[in-house]
1. Criterion first (modelled with pLDDT of 95 or more and outside any strand (DSSP E or B)) does V245 satisfy it?
2. V299 fails exactly one of the following numbered conditions: (1) out of contact with any helix residue (DSSP H, G or I) (no Cβ under 9 Å at 6 or more places or on another chain); (2) assigned to a loop (DSSP other than H, G, I, E, B). What is the number of that condition?
3. Consider region 205-264. How many of its residues are over 28 Å from Y92 (Cβ atoms) and of a type in the set (S, T, Y)?
4. Give region 62-78 a look and list any residue that's in contact with a Cys (Cβ under 9 Å, 6 or more places away or on another chain) and either under 15 Å from S93 (Cβ atoms) or in a strand (DSSP E or B) (or both), or say none.
5. With the requirement that a residue be in contact (Cβ under 8 Å) with a residue 24 or more places away in the chain, part of a loop (DSSP other than H, G, I, E, B) and farther than 20 Å from L218 by Cβ, what does region 87-113 give you?
6. Do we have I278 as within 24 Å of I106 (Cα to Cα), part of a strand (DSSP E or B) and under 25 Å from the mean Cα position of the chain (by Cα) here?
7. Out of V233, V213, V251, V168, report the one residue that is within 25 Å of C290 (Cα to Cα), among the β-branched types (V, I, T), touching a strand residue (DSSP E or B) at 6+ places or on another chain (Cβ under 9 Å) and modelled with pLDDT under 85.
8. Could you please find all residues in region 278-303 being touching a residue at least 60 places away in the same chain (Cβ under 8 Å), surrounded by 24 or more Cβ atoms within 10 Å (Cβ to Cβ) and among the hydrophobic types (A, V, I, L, M, F, W, C)?
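The values are calculated or read from the model by the stated rules, or taken from the named source; none is laboratory data. Because the structure is a prediction, the values reported are computed rather than measured. No Cβ is skipped: glycine too gets one built from the backbone with ideal geometry, and neighbour counts run over all protein chains shown.
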Amino acid sequence: MMHALHKFLFLYALTCFGGNALKSGIINGKKSKGKSMLYMASVQNNRGDHVCGGFLISEDFVVTAAHCDSLKPQSVVLGTYNLKKVDKTMRYSVKKCKHPYYKEPISGRDIMLLKLSRTARMGKKAIKPIQLPSHNMKFKENKKCLVAGWGYTKTEGETADRLHEVDVSTINLEKCQELWHNMLPLNVTCAGGYSTKKGICQLSKKARMNNRVQSVQLPKNEVPIKDKAKCHVAGWGFMRTRGEVVDVLQVVEVPIVDLEVCKTVWNNRGLKLPDNVICAGGYRTDKGFCKGDSGGPLVCGGTAVGVVSFNMMENCDYPNAPNVYTKISKYLPWIKKILHKKDSHGGEIINGKIVPENSMQYMVSLQNNRGQHMYVEDSSSVKTLCSLLHTVN
């Protein structure tokens, strides 16, 4: 009876806080040193306010917590420690890909990918239809075909005002499936991009790796972390209970808490921990995270092993209960599936040429209500990146 009452009070507190009990920030830490933790990302809303932390895992993907979705993230800021010193080059609009089975932090799967993106601008052309293939049309390998578009003509380039075209050779579908690690959907054709410099280019803005921005390594497989191992967590969140977000990135060292001990402590407070979590800090130490650090990484030995998820009802007056992180290694297949498919939707012309006037008059530019050329990353043309990836396990 008492256990049920504790659980009711815990869930009631979460409801009263409107989910804010699950936000977080750095407690008893220090300012980050220059040229370290270059993977840290500030996840921000449409007003440019910091709402969550995140971390860069590739040139075009940031990991954060799924519960940050309720805070309506619109962009991420990379390449700065001081959020008062942000210029346009540091800000990236994002598309959200929340884990498909996420419900709430205390149920686990509290992980979300943010894909960096940009908007394209395009022109118009005369109209002339093109012939469609017969139902059973088959392509021979190495058959020369043509692809055209208005997009980038090189990696990290710019969209073109003039239509470009390029010759590409078809690729045997079995070979193509093998190269894509059997991840291709049914009913596709492969051409270009393999054994040639010609092909299409993804319309997305990637983070430029430099002395301000670097990605962080993810675990390659399931690696056990020893109890009391020293790790660190960073963010721009509160430095005390009922505080406020800070402008300069903070970092703090936290010890790993044995999972069985963590489960027992939380069970005594009326909550059964979800599967696939890591516990570190907040228990038998005055160090941990607090409101505003959700989505940030728990880094052990240079590898991001966890994502900041929740603490004890927004109470950062540690010690109390262990801080809880989503265990990244348990979601590696899901992360890899999305990263491997990141370049499989939409693209433009590489090593082609400008199309002559009065040719290819069947080409059309699909545009939004602002008269801008749309592509699959455009928020007005798709719901989310996840919707394009079909069912993600």
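1. Numbers: modelled with pLDDT of 95 or more: no; outside any strand (DSSP E or B): yes.
For V245, the condition - modelled with pLDDT of 95 or more and outside any strand (DSSP E or B) - is not met.
2. Just one mismatch for V299, condition (2).
3. Residues of region 205-264 over 28 Å from Y92 (Cβ atoms): 221-230, 240-242, 253-264.
Imposing the further condition that a residue be of a type in the set (S, T, Y) reduces the set to 241, 264.
Counting residues in region 205-264 that are over 28 Å from Y92 (Cβ atoms) and of a type in the set (S, T, Y) gives 2.
4. So in region 62-78, the residues in contact with a Cys (Cβ under 9 Å, 6 or more places away or on another chain) come out as 64-65, 67-68, 71, 73.
Passing the criteria: T64, P73.
5. E104
6. Working: within 24 Å of I106 (Cα to Cα): yes; part of a strand (DSSP E or B): yes; under 25 Å from the mean Cα position of the chain (by Cα): yes.
Against the criterion (within 24 Å of I106 (Cα to Cα), part of a strand (DSSP E or B) and under 25 Å from the mean Cα position of the chain (by Cα)), I278 qualifies.
7. Details: V233 fails: modelled with pLDDT under 85; V251 fails: modelled with pLDDT under 85; V168 fails: within 25 Å of C290 (Cα to Cα).
So the residue among V233, V213, V251, V168 that is within 25 Å of C290 (Cα to Cα), among the β-branched types (V, I, T), touching a strand residue (DSSP E or B) at 6+ places or on another chain (Cβ under 9 Å) and modelled with pLDDT under 85 is V213.
8. Within region 278-303, F289, C290, L298 meet the criteria.
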